[in-house]
Number of protein chains: 2
Amino acid sequence: MLAGRFPPAGILRGPAVSASPATLPDFAKGDGMLPAIAQDADTGEVLMMAYMNPESYAETLATGRAVYFSRSRNRLWRKGEESGHVQEVQGVFLDCDADTILLKVRQLGGAACHEGYRSCFFRQVTPAGLAVVGERVFDPSLVYKK
Amino acid sequence: MLAGRFPPAGILRGPAVSASPATLPDFAKGDGMLPAIAQDADTGEVLMMAYMNPESYAETLATGRAVYFSRSRNRLWRKGEESGHVQEVQGVFLDCDADTILLKVRQLGGAACHEGYRSCFFRQVTPAGLAVVGERVFDPSLVYKK
């Protein structure tokens, strides 16, 4: 139990996780929304950061797939709903203040970023400006029908 | 240049980085403050998440040590100022929306968390509740004089 992987989808359904205050992030600290970091469970690469509200957090636990809350669209954002590049959740962690969530995920499709890079953090700050250091996995124009 | 490590402290002083809009996070998106993730540069472990304002970001680049903005204390927070456990910055990355910062750091003292754990994300969500899975490196009562 202590260092195990996150149970597969379905096992977490029910009150054991979703209704226990001890396992709930402190959403009030973020006015109902908290930052959630997605990290590649195998490589450790930080893939992205987005926000979760209680509903998206509960659905993430229940389904085993990452669900965020899109601040720009003001609705649940089931990661991969358009691209098919869902994130299978391997583990969920809370920080010491219970106001930041860390997901260890398996990123289907190989890329978390809507620009086609494995990680959204594909640009490094250098004295000469921003340098693209990330790996581009897909062409966004072929994945997203606009 | 492309995949290199962050230059050591001092090299980034001056206008090349600090004054170029192309290298600045979009602080307006976060009402003047953006989330900054600190990741262990060697192990890939996600250590913590805190916030940066423009001043803390600039000081981080200039000094090569992580400086955050403490929302609770409403002032610059030079990580390690009390414990001595500073974070030497090895690289700074921006995400696709330029509203989240990723630092790759070397964590002196071995622990990023004020509770003495290597990572602030030392608790895993399990069906039975939160399980402590992190490694405790120091006793907070010996490090912080309260």
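Just counting partner chain Cβ atoms within 10 Å, what average do the residues of peptide B:46-55 show around their Cβ?
Other-chain Cβ atoms within 10 Å of each residue's Cβ, averaged: 3.
Any idea what the dipole of segment B:99-144 comes to, in debye rounded to 20, about its Cα centre with Lys/Arg Cβ at +1 and Asp/Glu Cβ at -1?
Here segment B:99-144 has a charge dipole of around 140 debye.
Taking the Kirkwood radius as the inverse of the mean 1/r across Cα pairs, report the Rg/Rh of segment B:95-146.
Value, to two decimals: 1.10.
I'd like the distance separating the alpha-carbon centroids of segment A:114-146 and segment B:100-146, in whole Å.
31 Å
Once the other residues with Cβ under 13 Å from the Cβ of B:GLU135 are scored (Lys, Arg +1; Asp, Glu -1), what is the net sum?
That sum, taken over residues with Cβ under 13 Å, equals 0.
Taking the Cα centre of segment B:65-105 as origin, work out the dipole magnitude from +1 charges on Lys and Arg Cβ and -1 charges on Asp and Glu Cβ, in debye rounded to 20.
The calculated dipole for segment B:65-105 is roughly 240 debye.
How many nm separate the modelled label positions at B:GLU115 and A:ASP97, each set 7 Å beyond the Cα in the direction of the Cβ?
It works out to 1.4 nm between the two label points.
With the crude spin-label approximation of a point 7 Å out along Cα→Cβ, what separation in nm comes out for B:SER70 versus A:ALA128?
In this crude spin-label approximation the distance works out to 4.0 nm.
Using the Cα atoms as the points, what is the convex hull volume per residue of segment B:68-121 in Å³?
Taking only Cα atoms, segment B:68-121 has a hull volume of 103 Å³ per residue.
Magnitude of the Cβ-charge dipole of segment B:31-146, K/R +1 and D/E -1, about the Cα centre, nearest 20 debye?
440 debye
Using the Cα gyration tensor of segment A:26-66, with a ≥ b ≥ c the square roots of its eigenvalues, what is the shape: rounded (a/c below 1.5), prolate (a/b larger than b/c) or oblate (neither)?
Verdict is oblate for segment A:26-66.
Can you tally the net charge around A:GLY80? Count Lys and Arg as +1, Asp and Glu as -1, for every other residue whose Cβ sits under 14 Å from the Cβ of A:GLY80.
Residues near A:GLY80 contribute 0 overall.
Most exposed first by the Cβ proxy, i.e. fewest other Cβ within 10 Å, how do B:THR43, A:THR126 rank?
Going from least to most buried by this count: B:THR43, A:THR126.
What net charge is computed for the residues neighbouring A:TYR117, neighbours being all others with C-beta under 14 Å from the C-beta of A:TYR117, Lys and Arg scored +1, Asp and Glu -1?
-4
Distances from A:SER141 to the same residue in each other copy, label points 7 Å out along Cα→Cβ, in nm, shortest first?
Label point to label point, same position, other copies: 6.4 nm.
Using a ≥ b ≥ c from the Cα gyration tensor of segment B:39-87 (square roots of the eigenvalues), is it rounded, prolate or oblate, where a/c under 1.5 gives rounded and otherwise the larger of a/b and b/c decides, a/b for prolate?
prolate
Each value in this text was obtained by applying a stated rule to the coordinates, not by laboratory testing. Being a predicted model, the structure only gives us computed values, none of them experimental. So basically every Cβ, Gly included, is an ideal-geometry build from the backbone, and we count neighbours across all protein chains shown.
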